[in-house]
Structure formats: structure tokens, C-alpha cells
1. For the stretch 203-325, build the convex hull from the C-alpha positions and give me its volume per residue in Å³.
2. Quick one, which of (i) 33, 26, 20; (ii) 29, 27, 17; (iii) 28, 24, 21 is the actual semi-axes √(5λ) of the Cα gyration tensor in Å calculated for this model?
3. For the stretch 82-111 and the stretch 165-180, what is the centre-to-centre distance using only Cα atoms, to the nearest Å?
4. Tell me which trypsin sites (Lys or Arg not before Pro) from the stretch 69-125 have a DSSP coil assignment and no more than 10 other beta carbons within 10 Å of their own.
5. Within the set of other residues whose C-beta is less than 14 Å from the C-beta of Ile295, count the net charge using Lys and Arg as +1 and Asp and Glu as -1.
6. Among Val233, Val270, Val94, which one shows the biggest mean-square fluctuation in a GNM of the chain, springs joining Cα atoms closer than 10 Å?
7. Top mean-square fluctuation among Ala201, Ala225, Ala86, Gaussian network model of the chain, C-alpha springs under 10 Å?
8. With springs connecting C-alpha atoms under 10 Å apart, model the chain as a Gaussian network and identify which of Pro257, Pro183, Pro202 has the largest mean-square fluctuation.
Amino acid sequence: MSLVSGISLCGVLLSAGSVEAGLQQSQRSGAELKANFQYLLSDFSGPVPSQWARLDFDPRQQEIYTLNQSQNEVRIFNRQGMEIFAFGGDGSIVASIDIAVGDDGDIYMLARDFGRNAIQVLDYRGEPQRVIELQGLPEEFRGFNPDRMEYRDGRFYLLDSRMLCIVVMEAGGGFLKGYDLGPDFAKKAEEQDPEKKKALAPEISGFTVGSDGSLFFTVPTLFSAFRLNPAGVLDSFGTSGSGPGRFGVVSGVATDPRGNIYVADRLRSVVMIFDPAFVYLGEFGYRGDRPEDMIVPDDLAIDPAENRVFVSQAANKGIGVYSIHLAR
């Protein structure tokens, strides 16, 4: 695959008071990528710091929800990237590890102690409403303790990143189906390292659900991203390396309405874009200290209406917002 490197610069004054800046980016021959930094999510004091926050975007209200796990604090930001509400951080909500927003505006919190607190349902002000418990879990999933959660079309998708299992449950908590990915990952690891010299246990990092119900996840130790379609067919892509389109330490993953796949890389501090056939289209980002730069990117969220990508980062940098234009 031939790669063409390029830099695109552009400056536009934003309503949030920051400057849209062009980013260092690489492009595949035949693809046109324009990625511009808009701003860091902020309150009236400036950018809001957070460490690898969990993200979920509400397309109906055009709001982004963030969960800062270290402080167990939820913040809600409007379309312009300004904070409009915050709660938690004071022991008022159950310790949580992931967040999702429902179709009716309910906020779902995946409890850190899932066996005891399950999924907490809060209203828009963070007031507890009810608890959704997983029911009818088959014996083969005994010990299932999810640490990632996605909600789409009335279903919850729960991931246990260490057990390498995914459970799909209905809105009321009933078990629908489950996937044990351990055997598939073991086979992939054996193909990459037949002499078992590395012996690194696979663990899932990024996780998301596509519009057609396909599951996407990344496994850093396998230098791979995976797609599990509704029929149960598992596909993978990715090549290790430090150049454009290569995987260093992959983390967050997201998809847009066109089926393009966004993959964050902690080591390279970039977000790569692949089409539905896993063809590399380009990437954006650069490790540095400027606001538009990235520091160890992790979770991703997509605004499908305005083609924006939200990127959580390390070093308390907070969440960067980037506008994307991709044409082929």
C-alpha cells in the first residue's frame, strides 16, 4: 500500500473562542482528508482537565457526556463544547467505569462493582432512577464482570476486556447473546508468534458498536482491530509499525455513518481512519504540547451530523474536538 504524507493548514475563528488549526496528517493516495482542531471541551475557567475519560455522544441533543473515572465525575457539554452541567465526584453516585446515553435522555452508568450495582440509571441531573440487572446469564459466562458498555437501539453491549467476552442484553436486563473471543484471539496470537516468545495475554482496549450492530474492538498486544458482524463473522486488520497507518499501541475505536473506522493509537498519538473494507484512508494528530496536539489518545466518540471526533487523552489534557472532511 503506497502512502503519501502531507500537511494541511487552515485557521477559522470559532464561537467557543479558540482557533481551528490544521493538523499534521498523512494521507493515502486517492483519499482526501482534512482534519482540523476546533477546541478542548471547556467550562468558564478554560479547558476541563481529565485523564482518559470515557465518552458518549447524544446525537439528539448534540451533547457530549464524559466520565472522569478517577474522580467518578460526569460532565455534560453542549454543541459549542461548553460545560452545561456536572455531577458526581462527591460520592453522590455509584463508582462507575463507563457511561452511555439512552434514547430518552437517561444516563446509564456501568458500575465498577457490576455484581453488586449493575447498571445505574440516572436522569439528566444525575438523580438515581432505577437499576438494570443482567438476568439469565448462561453458566459459561460465570464470573463475567464488564468494564465497557455501549448502548444502541434498545440494547446494551457489555464487554469484559480481561475475560474477552461480550454480552448483549435487552433494555430490561434480559440476556440476548454472548461471545467468547478467547479462542479467536489465541489463534491470532499463535499466527503472529508461533514460538510463543512474547507470551503477552491479549486484552481488549477500544470498544464500540456500529450502526448495523457490528462490534468493533482493538487488541494492542495483537496489533489488531477487529469487527464482529451480527452473523458472528470475525474479521481483523492492522500491521505493527511506526509509520502512517501502522499500529503502535491501539486504543479507542469508533465508526461514522459511512462505515469508516477510527482507531486511536496511544504510542503514535494519532487517530487513523480506515474504510469499511479496512483500507487505510489517512490519519491526524501529532504528539506535542500545543492545544491541537494529542497526548496518548484513548476513547473516541463521533458526532455524525457535523463530522466531529471527540478524543480523550492522558496527562489531564482533557478532550479534544476535531472536525473531519473525508472524500474519495
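1. So the per-residue Cα hull volume is 96 Å³.
2. (ii)
3. 22 Å
4. Values: sites: Arg75, Arg79, Arg112, Arg116, Arg125; in loops: Arg79, Arg112, Arg125.
Filter output for the stretch 69-125: Arg125.
5. Surrounding charge for Ile295 is -1.
6. Between Val233, Val270, Val94, it is Val233 that shows the largest mean-square fluctuation.
7. Ala201
8. Evaluated over the chain, the most mobile residue of the options is Pro183.
Taken together, the values in this text are just the output of simple stated rules run on the coordinates, not laboratory data. Bear in mind that the values here come from a model prediction, so they are computed numbers and not experimental data. Every residue, glycine as well, gets a Cβ built from its backbone with ideal geometry; the counts of neighbours run over all protein chains shown.
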